[in-house]
Every structure is written in structure tokens, then in C-alpha cells.
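This report refers to the structure that appears directly beneath it.
The values are calculated or read from the model by the stated rules, or taken from the named source; none is laboratory data. Worth saying up front: this structure is predicted, and the values here are computed from it rather than measured. With ideal geometry, Cβ positions are generated from the backbone for all residues, glycine too; neighbour counts draw on all protein chains shown. Side chains are part of the model used for accessible areas, which takes the heavy atoms of the whole protein and leaves out ligands, DNA and RNA. Shrake-Rupley method; radii C 1.70, N 1.55, O 1.52, S 1.80 Å.
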Amino acid sequence: MLKGFACLLMGAALVAGYSYYHNRLSTQKAQTAGQAQPPELKAVAQDPDKMAAVVGPLAHWVQGAEPQQAQAPEDRPVPKPHPSDHIAESPVGTSSAIVRKTFAVSAPAKFSFEIPPHAASPQLHGTFRSFVAGVQSSDESADIDLLLMNGEQFADFQRGQPADTIYSVDSSHDQDVSFGLAATLDHPVQYYLVFRNSAGSPAKKVVQADFQVDF
């Protein structure tokens, strides 16, 4: 009887040991599985009012705009320089002789001169005296006219048409002249100084003239 009771106790111990071992093994597997599981990914909430801007040829095509193409340096148009961009040497402070001699006036005698660009305040200065040819004295019989004209006015004068003048001296045989001309910008301006006989005076005169223009 004692032997049977001992066998019963041993069987109960084996059952209890197996149950403990089985429960312990199940607990370890569950913990291992929990540790190996990757962390839960959290969705990042985006503000619906803030959208990322996508830039690129495809984005331009989707939006209905043509993609911009960068121009190579050699393809870029070269701007045309304006005449005012050119810095020329200023003639201010210089002068130019127009006529310094004695000459005969039977037909009109002309002397051209040019005002260069960028002349701020050109001034015509000079004197003349006239004589009747073969006579040394200078009086009213030696009177002449002095005309100052621009290119267009001089062209009319040569065609025999009534011509305007910028400046004139009528019927004088001894005259000092000082006259301010218009300033020039980017282009030179041509002028003509003309000596001619006054109406009703002897046909042939001799003139001593000394004229220059100061810039």
C-alpha cells in the first residue's frame, strides 16, 4: 500500500513540474514575441492648408505653363548702345579759326565752320573792315553785308531763294562781331559765314577779316 501511495505522489509531482515548465515556456515566448514586434508607425498629420510646391518641367506642363529655358550667354540679345552712352571728349575751353586773311568780294565769299558735339556754349567772335578795290580809305561806299547761316539756310541762299539767317550785319565797312551759338548734343553742326556786297554799292570790295569760334 505504501508503495502505491509513493507512486501516486511521484505522478502528481511530475504533472505539477510539467505544468510549471509549460507555463514558463509560454510566458517567455510571449515576451520574446512582444519585444521583436516593430514599433507602431504613427501617421504624421499634415496641415491641409499648407501644400508643398512642386517645381519642374512636369509641374509646369500640368499647370499649363511652358517650362522656362535658360538662355546661353551667346544667345542673349546684345543691347544696342545709345549715342548718349558714348562719352566723347568735350571741346569746352578750345577755339577754332574760321578766317584770318584779306580777300576780294565781287561775288559772295563763304567760309564754313563746324561746331563739334558736346559744345556747351559756342561763341562766334571776329572783326572785319572793307574797302573799295583800289581805294585805301574805308567809308560807306565800301559797305558789305555779313550773313551767318546754317546748312539748310545756306542751301536756299545758293539756289537764289529768300533765305533766313541766324545772324546778319547789313551795310557796314567796320564791324566787331560777338554772337552766341546754340549748344550741340551728340552731333556736329555746320555753319556758313558769308560776305557779300551791299545793294547799291560799288561791285568790287576788299575785306580784311579775322573770325574764330570759341567752345
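Evaluate the following for residue 153: is it open to solvent by 50 Å² or more (accessible area, probe 1.4 Å) and within 48 Å of the chain's Cα centre (by Cα)? So residue 153 fails the test. When 137, 168, 172, 178 are checked against the criterion of being buried (at least 17 other Cβ atoms within 10 Å of the Cβ) and either touching a residue at least 40 places away in the same chain (Cβ under 8 Å) or among the polar types (S, T, N, Q) (or both), 172 stands alone in meeting it.
Answer yes or no: is there a residue in the range 188-197 that is open to solvent by 60 Å² or more (accessible area, probe 1.4 Å), touching a residue at least 60 places away in the same chain (Cβ under 8 Å) and under 33 Å from the mean Cα position of the chain (by Cα). Before you say what the answer is, go through the steps one by one.
Kept after step one, since they are open to solvent by 60 Å² or more (accessible area, probe 1.4 Å), are these residues of the range 188-197: 188, 190, 196.
Within this subset, residues satisfying the condition of being touching a residue at least 60 places away in the same chain (Cβ under 8 Å) are 188, 190, 196.
Those still in the list that are under 33 Å from the mean Cα position of the chain (by Cα) too: 188, 190.
Among the residues of the range 188-197, at least one is open to solvent by 60 Å² or more (accessible area, probe 1.4 Å), touching a residue at least 60 places away in the same chain (Cβ under 8 Å) and under 33 Å from the mean Cα position of the chain (by Cα), which makes the answer yes.
Number of residues in the range 104-148 that are within 23 Å of residue 204 (Cβ to Cβ), touching an Asp or Glu at 6+ places or on another chain (Cβ under 8 Å) and assigned to a strand (DSSP E or B): the value is 6.
The set of residues in the range 180-215 that are within 25 Å of residue 136 (Cβ to Cβ) and in a loop (DSSP other than H, G, I, E, B) comprises 198, 199, 200, 201, 202, 203, 204.
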